[in-house]
1. Calculate, for Met174 and Thr295, the FRET efficiency according to 1/(1 + (r/R0)^6) with r their C-beta to C-beta distance and R0 45 Å; round to the nearest 0.05.
2. Using the per-residue mean of other Cβ atoms lying within 10 Å as a proxy for protection, in what order, highest first, do the peptides 345-355, 117-127 fall?
3. Order of His59, His165, His201 from fewest to most other C-beta atoms within 10 Å?
4. How about Lys61: which lysines have a C-alpha closer than 27 Å to its C-alpha, ignoring those fewer than 8 places off in the same chain?
5. Quick one: putting +1 on the C-beta of Lys and Arg, -1 on the C-beta of Asp and Glu, what dipole do you get for region 222-283 around its Cα centre, in Debye to the nearest 20?
6. Just to confirm a number: summing +1 for Lys and Arg and -1 for Asp and Glu over residues other than Ser232 whose beta-carbon lies under 15 angstrom from that of Ser232, what do you get?
7. Compute the relative contact order of region 187-278 as a whole-number percentage, counting only Cα pairs closer than 8 Å that sit 6 or more residues apart in sequence.
8. For a protection proxy built on the mean count of beta-carbon atoms within 10 angstrom, sort 151-164, 314-327 highest first, please.
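Derivation of every value follows stated rules applied to the coordinates shown; laboratory data play no part. Keep in mind that what you see is a predicted model, and the values were worked out from it rather than measured. Because the Cβ atoms are built from the backbone with ideal geometry, glycine has one as well, and the counts that use them run over all protein chains shown.
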Amino acid sequence: MATGPAVFLLAAPVSVPTVMSRDSSSSKNGDLTSINPLLSSLFHSGQTQGKLKPSLTLHPKWTQIFSGETVTLTCEIPGGEISYVYWRNDQESPKPVVILQPDKQTFSGETVTLRCEIQGERDTDWKYSWYKKSSSLSPVSKDQEYRISPVSESHSGEYTCRGKHRRGSHNSEMSEAVILTVSSALSPPASLIISPNTTQHFTSDSLSLSCEVQSNSTGWTVRRYTDNGEVSDCSSDWGSITGSTCSISSLQSSDSGAYWCQSDSGGNSNPLNITVTNGDVILESPIHPVTEGDTLILRCRYRYDSSELRADFYKDDLVLQNQTTGEMTIPNVSKSDEGLYWCKHPERGESPKSWI
C-alpha cells in the first residue's frame, strides 16, 4: 500500500518548557521519559477502507530538547484520505489536601494519622505517595492514610502528598505542607491521674480523672479528644467537676478517647488513652507508659466476676500465654516488648486491644 502525504504538525521554535527530558533515575541513558503537555495529547486518525496505523516521527532525533530550539513532528498515514486533530488539555491537575488527626498538640507515644484527600475525586481512582521534607526523595508511605504509632520527636517535620491516577498517566499537584510537631513527653507541668488506673473499662463503670500539678500554676482542667473527633472540657455533658478532678459516674462507649490536663496558660500534661467497651472482657494494663527494666503485669477481667479470668494472652497476633491463669507477668521489660496486647476467653470473648 502506498504512503500518503505527510502532515507537518509543528516546525517552529519551541517556546514552551522542555518538550522531552531524560529521566535522571533511568537506568537507560538517553531514554525519553516525558513529553510537554502541549505536545503529549496529539491524536491522529486515518479514514480509509481498512485499518490504518499512523506513524509519528520527530526531527531532529535529539534525546533532549530545550526552549527556543526547532523541531518537526511528522504524522504519516499509509494511503487514502487523512485527517488529524490537535488537542490540548488545559484542565488543571487536582490539588490534594492533607488532613491531620488529631489536629491538636501531639506528644511522644501518641498515634497520628495523616490522610490525603483529593476533593471531588473518588479515593479508589488514585494511588498516593507521602513525602517528608529533608528526608529521602523516596516516599515515606504509599497509602492514602499514613499512620504513625507511636509517634516520636523524630517524626516532627513537614509532610506533603501527591496522587497518581490509576487509569491514566497524570499526577495531581503536590499538596500544601502540613507541619507535624511532636513534643517530648518528659517532665510535663502536670500529670493526669486516672482511677481505676487501667486503660480499658466496662460501660456503666465509674471513672475519676484529676490533674496533679508539678508547680504552683493554677487553672487546670481535664480535656478529652474522643474517637468521634470531638474535643471538649469536662462538663455536665459527660462529667462533673470538683476542683481539678473530673468524675464520670457511668461510662459509655463514646467516652473512649485521649484525655489530658490543660491550663489557662496553655500548658498540657501527657495524654492518656481510655477504651470503654460494652463487651464482657477487658485487659487490665498500666495506663501510664512502662519504663524499661520494670515488671509489666497484665490481667484479664470478666464483667460479671471480679476474679481473674483464665484466658489466652496475645501480643501482635501471637499467643504469649495459654489458659493457665488470668494474669501474665513480663519481667524486665524492654523496647522489644512494645505492641498491641489483648486477652481472649473461648466462651466469654476477647478484650479490646491496647498499645503498651
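1. With a Förster radius of 45 Å, E is 0.40.
2. Peptide ranking by packing, descending: 345-355, 117-127.
3. Numbers: His59 12, His165 16, His201 21.
Exposure proxy ranking, most exposed first: His59, His165, His201.
4. Reachable lysines: Lys28, Lys53.
5. 140 debye
6. -3
7. 36 percent
8. Highest-to-lowest ranking by the protection proxy: 151-164, 314-327.
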